[in-house]
Amino acid sequence: MKGNYLGDYLIMGIISIIGLAEVVHLAAMFLGLPFGRCAMLWGGLSGTAVLAVAGMFFYHWKKGSRNPEKVEKRNALEGILFLVFAILVISQLIFVCTGNTACREGDMTLETVKSFLAADGIYRINPMTGAAYTAGMPFRLKILCLPTLYACICRITGLSPDFVVRILIPVIVLVSCYASFGVLACSLFPAEETVSGRKRACFLAAAALIMWVGTYRYGMDGFQLLYCGWRGVTIRNCVLLPWLLSLCIRGKWMSAVLCILAEACMVWTLYGCGWCLFAALGMAAAGLYRRKRAEKSLRER
């Protein structure tokens, strides 16, 4: 866990919660357990996982405070860039919190969550008809855990499915997205590098601006983030992939596996499941090629 940032712990906590939702989802689906009991189990396990991640963060934060990293003195340009970044993010949060911007065309997540709560079980009734299923579902689609995760949040907190799916989750995903980009910025521009703070600020401001610009077309990352924040594809593209790249840059390959597993729990195959694996393999190949080039250069000297 050496060399981790605050964003690392936030995303690790989110991945842990998703993984536990997958465990509960499979238990409810294959063992026929009542959904209410599974939701309570998920709540207990998730609370324990969050406390564990928070404990790791606090331990490493205290350890790092004894050996503080040299901080570069900020200048006016860096402050302006961070201000621009903050304004863009706050405007996006306000946009998402209005709740009337969600794009639900072809998406049945909200209806599926409501069916879980109504039937007290996983995929017992058809969310479109309200009747029992008369035909099976594709197995790869059936084992995805996000509807169960959202339904568990509704059952434990008492919040309405509409609020959880359309507002709460998109806000969490948006914050996690920029936490992921923040970690990537720190990985690309380490503190030892000249004017690293200015480069990080410019990177984050550009990322937030690109997200706003990307709302013009369905399927763009900006559109997914601001209109469809509850979808697995959005979490994969805007949270997992940037974090995965930062992990590969820092050589944290075991943590990178978490992104691959989390994607498998959330994204249906026809929507591109496997991109985290391809990205990790590509980064590994690039790192190996760079190492070979460096070794060859040393031998030629």
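Charges were assigned to the Cβ only: +1 to each Lys and Arg, -1 to each Asp and Glu. The resulting dipole of the chain about its Cα centre is roughly 1000 debye.
Were the residues from Cys103 through Phe139 laid out at 0.36 nm apart, the gain over their Cα-Cα distance would be 10.4 nm. Along the axis of the charge dipole computed for the chain (Cβ charges of +1 for Lys and Arg, -1 for Asp and Glu, origin at the Cα centre), the listed residues Thr157, Ala285, Ile210 are led at the positive end by Ala285. Placing a pseudo-label 7 Å from each Cα along the Cα-to-Cβ vector at Ile94 and Ala132 gives an inter-label distance of 5.2 nm. Rg and Dmax, both from the Cα atoms of the range 198-301 and both in Å, are 16.7, 55. Restricting the range 168-267 to trypsin sites (Lys or Arg not before Pro) that sit in a DSSP loop and have at most 11 other Cβ atoms within 10 Å of their own Cβ leaves Arg217.
Of the peptides 38-46, 259-267, the ranking by mean beta-carbon count within 10 Å, highest at the top, reads 259-267, 38-46. Between Leu117, Leu174, Leu241, find the one with the highest GNM mean-square fluctuation for the chain; connect C-alpha pairs within less than 10 Å. Of Leu117, Leu174, Leu241, the most mobile in the Gaussian network model is Leu117. Checking the Cα-Cα distances for Lys63/Lys252; Lys63/Lys292; Lys62/Lys252 against a 25 Å cut-off, the pairs over it are Lys63/Lys292.
For the chain, the relative contact order is 22 percent, taking Cα pairs closer than 8 Å that sit 6 or more residues apart in sequence and dividing their mean separation by the residue count. Each principal axis of the range 108-219 carries a Cα extent, and these read 63, 31, 25 Å when sorted largest first. The distance separating the Cα centre of the range 228-280 from that of the range 153-182 comes to 18 Å.
Could you check how many percent of all C-alpha pairs in the range 6-115 are farther apart than 23 Å? The answer is 60 percent, as a whole percent. Translational diffusion coefficient of the range 162-237 (Stokes-Einstein, Kirkwood radius from Cα pairs, 20 °C, 1.002 mPa s): 163 µm²/s.
Using C-alpha pairs below 8 Å separated by at least 6 residues, the relative contact order for the range 88-241 is 26 percent. Ranked by the mean number of other Cβ atoms within 10 Å per residue, highest first, peptides 20-28, 280-288 order as 20-28, 280-288.
When shorter helices are ignored and each DSSP H run of at least 4 residues is given -39500 (n - 2.57), the per-residue value for the chain at 222 nm works out to -22500 deg cm²/dmol. With the gyration tensor restricted to C-alpha atoms of the chain, the semi-axes of the equivalent ellipsoid amount to 36, 22, 20 Å, longest first.
List the residue ranges in the chain for DSSP H helices whose C-alpha atoms run 30 angstrom or more along the long axis and whose Kyte-Doolittle average is 1.6 or above. Long hydrophobic helices here: 6-31, 76-97. Rounded to the nearest 20 debye, the dipole magnitude of the range 165-301 is 400 debye, with +1 charges on Lys and Arg beta carbons, -1 on Asp and Glu beta carbons, and the Cα centre as origin.
Read-outs: derived from the displayed coordinates by stated rules, not from any lab. Only a predicted model underlies this, so the values are computations on that prediction, with no experimental measurement involved. Here the Cβ is made from the backbone with ideal geometry for all residues, glycine too, and neighbour counts use every protein chain on show.
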